[in-house]
Every structure is written in C-alpha cells, then in structure tokens.
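Taken together, the values in this text are just the output of simple stated rules run on the coordinates, not laboratory data. Note that this is a predicted model, so its numbers are computed, not measured. We place every Cβ from the backbone using ideal geometry, glycine too, and count neighbours over all the protein chains shown.
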Amino acid sequence: MEDQGVSANTMKRILLVINCLILSIGVCGGPLLMRLYFVEGGSRIWLSSWLQTGGWPLTLIPLAVLYFYRRKIKGSDTKFYFITPRIFIASFVIGVVIGLDDFFYSWGGSKLPVSTSSLLIAAQLAFTAIGAFFIVKLKLTSYSINAVVVLTVGAVLLGIRANSDRPEGVTSKAYVIGFIMTLSAAGLYGLIIPCIELIYMKAKQTITATLVLEIQMVMCFAATAFCTIGMIVNKDFQAISREAKRYNLGEARYYIVLVWSTIVWQCFYVGAIGVIYCSSSLMSGILLAVLLPVTEVLAVIFFKEKFSGEKGLSLFLSLWGFLSYMYGEYKQEKQKNNKSQENEMTTMNSECV
C-alpha cells in the first residue's frame with residue numbers, strides 16, 4: 001500500500017512537470033503570437049479572442065489515447081466519458097466567462113506592448129490569492145499577503161506613466177482603455193482559476209486525468225461558442241479573407257499565425273487546468289508570474305519594445321511577490337512535514353508502550 005502511495009505521488013509529480021512545460025509554451029508563446037497578429041495588420045478583436053480557445057478539438061487526441069488505454073486494461077466495459085451533467089453545466093458557465101475574459105485580454109493586447117500587458121497580467125496572482133481565499137477557503141499566510149500587496153503596487157506603478165510606451169497609431173484614450181481591459185482580464189482570470197479548483201472539490205467523484213481534460217474541453221468549447229457569436233455579430237468571418245490579403249507578412253503567413261495561435265493558446269489552457277489538478281489554483285497563478293521575465297525578454301527581442309525604468313521596477317516587484325509566496329509555501333510545507341513526523345513518532349511510542 002505504501003509503495004502504491006509513493007508511486008501515485010511520483011506519477012503526480014511527473015504530470016505536474018509535464019503540465020508546467022505545456023503551460024510555459026502557452027504563457028510565453030500566446031501573447032507574442034497575439035501581438036504579432038495585431039502588429040502586422042490584424043485588427044479583429046473577436047477573432048483574436050476566438051483563437052485563444054478555438055483549438056479545443058485538439059483535446060480529443062489525448063482523450064482518445066486515454067480511452068484506448070483504459071479499454072486495453074478494463075476491456076469493453078470501460079466508460080467512454082466521466083463528466084456528469086452537473087460538472088458539465090458548471091464547466092460550461094465558467095467557459096462563457098473565459099470567453100469574456102479572452103475578449104478583455106484581446107482588446108488590451110491590441111493596444112498595449114507585450115511587455116506592459118504581461119506585467120499587468122502578473123497581477124492575476126493577487127486576484128487568484130484573494131479568490132482562492134474566498135472561494136476554496138485557502139489560508140493566506142503573511143508571505144502570500146505580501147505577494148498580493150507587492151504585485152498590486154507593481155500594477156499601479158505601470159499605471160502612473162501609462163502613456164510612456166504607447167505604440168504608434170494608438171490614441172491616449174485607446175491605450176488607457178486597453179490598460180483597464182488587460183487589468184480586468186487579469187482580475188477575471190484570477191477568479192476563474194479558484195472556480196475550476198472548486199469544481200474538483202465539489203465533483204463527488206474521483207478526479208482523473210480524463211475528467212480534467214473533459215472539463216477543459218467543455219470550458220474551451222463554451223468560450224469558443226461565446227466568441228463565435230461575437231464574430232458573427234461583428235462580421236469577422238467575412239473580414240478574414242480581406243484581412244489576410246492586406247496582412248504585412250503575406251496571406252499564407254496570416255493563416256499560419258492563426259493556426260499556431262490556436263495550438264499555442266490550447267497549450268496554455270491544457271497546462272493551466274493540469275497544474276490545478278496536480279497542485280492548486282494558486283500554483284497555476286504562481287507559474288504564470290514566474291514566466292513573466294521570459295515573456296518580457298522575448299517581447300523586447302522580437303518586437304524591439306522599450307523597457308523603461310517603470311517596467312524594470314514593476315518586474316522586480318513581480319519577482320519579489322513570487323519569491324515571497326514561494327518562500328511562504330516552502331515554510332508551510334516544512335511545518336507540515338515536521339508535524340507529520342512528530343505524529344508518526346507519537347504513534348510509534350504509543351504502540352511500543
């Protein structure tokens with residue numbers, strides 16, 4: 001029994017590492033591809049929102065692999081799916097909110113440099129911590145509270161001189177709206193993550209990798225459906241061919257950017273929900289924050305963005321907040337292990353007596 005427990009923990013750690021790598025691809029690549037779309041002539045906000053979850057059918061591939069693996073072990077009696085109507089409805093509702101969040105983020109991404117929008121998105125860690133405290137009753141330590149405060153200060157610092165890195169062709173009003181939209185996206189996503197964890201807690205069934213992927217697919221499907229309605233109302237489908245012909249990188253590369261955007265953004269959602277399953281909602285938020293410097297550097301390299309003193313200080317505060325939280329988690333885990341060892345010693349002494 002003990003060996004089985006160790007084996008299960010090892011497998012969960014391996015899954016956590018895999019999901020962290022998948023999430024890293026989405027976190028770093030998604031914003032860069034979105035900015036590439038807008039910088040080179042793209043202008044459809046709803047289309048950009050749709051791309052963030054439009055790759056949901058890709059989830060069918062790992063689901064099919066898992067199904068045939070189960071079938072090989074259990075035979076023809078294996079269940080085709082695990083999601084219940086209750087979980088389906090909850091996932092669908094969250095998916096619609098994700099669609100709205102995608103729209104906010106795309107609006108902000110169309111007006112702000114990647115380096116600025118990424119720093120603002122880092123504030124979602126603060127919203128995730130607060131959301132996790134109220135929604136899943138996560139206990140906040142002095143370290144996590146410090147992380148929330150520091151990340152909030154970092155976002156405020158960027159807002160003080162918001163127009164200093166305004167891209168060409170973007171008005172001051174549009175930039176401010178983009179700033180607010182991106183911060184709203186961070187806040188909304190920070191609340192979405194604990195809600196996903198709440199689904200796991202209230203599921204009343206074993207949470208398996210298959211169920212996690214099913215939940216993720218339903219959420220992305222709902223978000224895509226929401227954005228599809230926006231595209232129809234905004235007549236984006238009719239505009240795609242015209243926009244492709246005018247795209248600075250050429251028509252073929254326009255479609256390549258769209259296809260890779262759907263793939264990379266799907267990595268983001270699969271990785272995020274996988275990290276929540278293997279660890280916690282706050283761990284997912286933490287990983288988004290720690291990948292911030294990578295996205296920053298890539299934005300400066302590929303888009304020649306300015307890296308001002310305000311951004312540098314904001315980045316420092318983001319890293320400070322991340323390290324503060326991680327140190328708090330380390331201390332908490334150490335205390336748990338010490339307490340567990342003390343309980344084992346007490347039990348052993350009682351048995352000896």
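When Rg and the Kirkwood radius Rh are both evaluated on Cα atoms of region 240-341, their ratio Rg/Rh stands at 1.15.
When peptides 44-51, 31-38, 322-329, 238-245 are ranked by their average number of other Cβ atoms within 10 Å per residue, the highest-first order is 44-51, 31-38, 322-329, 238-245.
Over region 1-145, the hull volume per residue, using the convex hull of the C-alpha atoms, is 183 Å³. In this entry, the chain is assigned a mean projected area of 20.8 nm², taken as a quarter of its C-alpha convex hull surface. Highest-first packing order for the peptide set 127-133, 19-25 is 127-133, 19-25, based on the mean count of other beta carbon atoms within 10 Å.
Which length gain, in nm to one decimal place, applies between Thr10 and Tyr327 when the Cα-Cα distance is subtracted from 0.36 nm times their residue separation?
Residue separation times 0.36 nm, minus the Cα-Cα distance, leaves 111.8 nm.
Between the beta carbons of Thr208 and Lys336, assuming R0 = 22 Å, the FRET efficiency works out to 0.30 to the nearest 0.05. Ordering 65-71, 90-96, 221-227 by mean Cβ neighbour count within 10 Å, with the highest value first, yields 221-227, 90-96, 65-71.
Helix-only arithmetic for the chain: the sum of -39500 (n - 2.57) across DSSP H runs with n ≥ 4, divided by the residue total, places the mean residue ellipticity at 222 nm at -28000 deg cm²/dmol. On full extension, the segment bounded by Lys139 and Ala239 gains 31.1 nm, given 0.36 nm per residue less the C-alpha separation.
With θ taken as phi - 60° and the Karplus curve 6.51 cos²θ - 1.76 cosθ + 1.60 applied, the whole-hertz 3J(HN,Hα) list for region 98-112 is 4, x, 5, 4, 4, 5, 4, 5, 5, 4, x, x, 7, 10, 10 Hz, x standing for glycine and proline. Each residue, Val39 and Leu21, gets one label point 7 Å from its Cα in the Cβ direction; the gap between the two is 2.8 nm. Express the relative contact order of region 181-307 as a whole percentage, based on alpha carbon pairs under 8 Å and six or more residues apart in sequence. In percent, rounded to a whole number, it is 36. At R0 = 25 Å, how high is the FRET efficiency between Tyr67 and Phe302 if r is their beta carbon distance? Nearest 0.05 is fine. Efficiency, from the Cβ-Cβ distance: 0.05.
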